[in-house]
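Working notes for the structure below.
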Amino acid sequence: MPITQITRRRLIAAGAAGLMAAGLVAPARAAGIAPTPSMRGGANNYLKGAPIVDRIGGGGFRMTGSVRRAGDGAPLSGIRIQIWAHTTEGHERDAHSHGATLTDANGEFVMDMPQIVPAFGQPHGHLAYDDDIGGQGFETVFLRPVMDSARDATLAAHFVLKPI
């Protein structure tokens, strides 16, 4: 196989995918990814041990997100994430407004739930990774992402967990 000189023109023509396939460029590795800090107000109305459910209430709204390991950014599967919010079907303090789900092989999670409505002036959700449930070896993190609009039908939250 002849050795081909890499010129600027060939680099642009091949693109990163072509060069990686030829073994000329290594993909970028996530290094030094900082852990997600807990957010103020994230633990409000947290109910330890909320059950793992397929959905919360009647649905109509979708909470999504991902969970990765601090440092290398590797996706974490089987991580328990609890979700709760003030919705069209109940307040965030109501047990029926809470549920938990597990991340898939790609470290991603999805939970269908009732539409989130404003509480204290802002539509927001609550999510938690709590190492006290399941003892998976990472520091507890509480998130409280705020929606851009009460009309939004989705909200995403992403965790980067720090090993204990």
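The values are calculated or read from the model by the stated rules, or taken from the named source; none is laboratory data. From a predicted model like this one, the values you see are computed outputs, not experimental measurements. Note that we place each Cβ from the backbone using ideal geometry, even for glycine, and neighbour counts take in every protein chain shown.
Give the stretch 126-146 a look and list any residue that's more than 12 Å from Tyr46 (Cβ to Cβ) and either in contact with a Ser or Thr (Cβ under 9 Å, 6 or more places away or on another chain) or among the acidic types (Asp, Glu) (or both), or say none. Can you show your working first?
Taking the stretch 126-146 as the starting set, the residues that turn out to be more than 12 Å from Tyr46 (Cβ to Cβ) are 131, 134-139, 145-146.
Hits for the stretch 126-146 are Asp131, Glu139.
Going residue by residue through the stretch 120-127, is there one that turns out to be assigned by TED's automatic domain parsing to the domain that holds Ala153, closer than 14 Å to Val67 by Cα and assigned to a strand (DSSP E or B)?
Filtering the stretch 120-127 down to residues assigned by TED's automatic domain parsing to the domain that holds Ala153 leaves 120-127.
Now restrict to residues that are closer than 14 Å to Val67 by Cα: 127.
Add one more test, that the residue is assigned to a strand (DSSP E or B), and what stays is 127.
Yes: the stretch 120-127 contains one or more residues that are assigned by TED's automatic domain parsing to the domain that holds Ala153, closer than 14 Å to Val67 by Cα and assigned to a strand (DSSP E or B).
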> Quick one: in the stretch 32-52, which of the residues that are over 18 Å from Phe138 (Cα atoms) and among the hydrophobic types (A, V, I, L, M, F, W, C) is modelled with the highest pLDDT?
Replying inline: Ile52
>> With surrounded by 13 or more Cβ atoms within 10 Å (Cβ to Cβ), charged (D, E, K, R) and over 15 Å from Arg55 (Cα atoms) as the only criterion, which of Glu89, Glu108 stands out?
In response: Glu108
> Do we find a residue being more than 12 Å from the chain's Cα centre (by Cα), modelled with pLDDT of 95 or more and surrounded by fewer than 21 Cβ atoms within 10 Å (Cβ to Cβ) anywhere in the stretch 131-138?
Replying inline: no
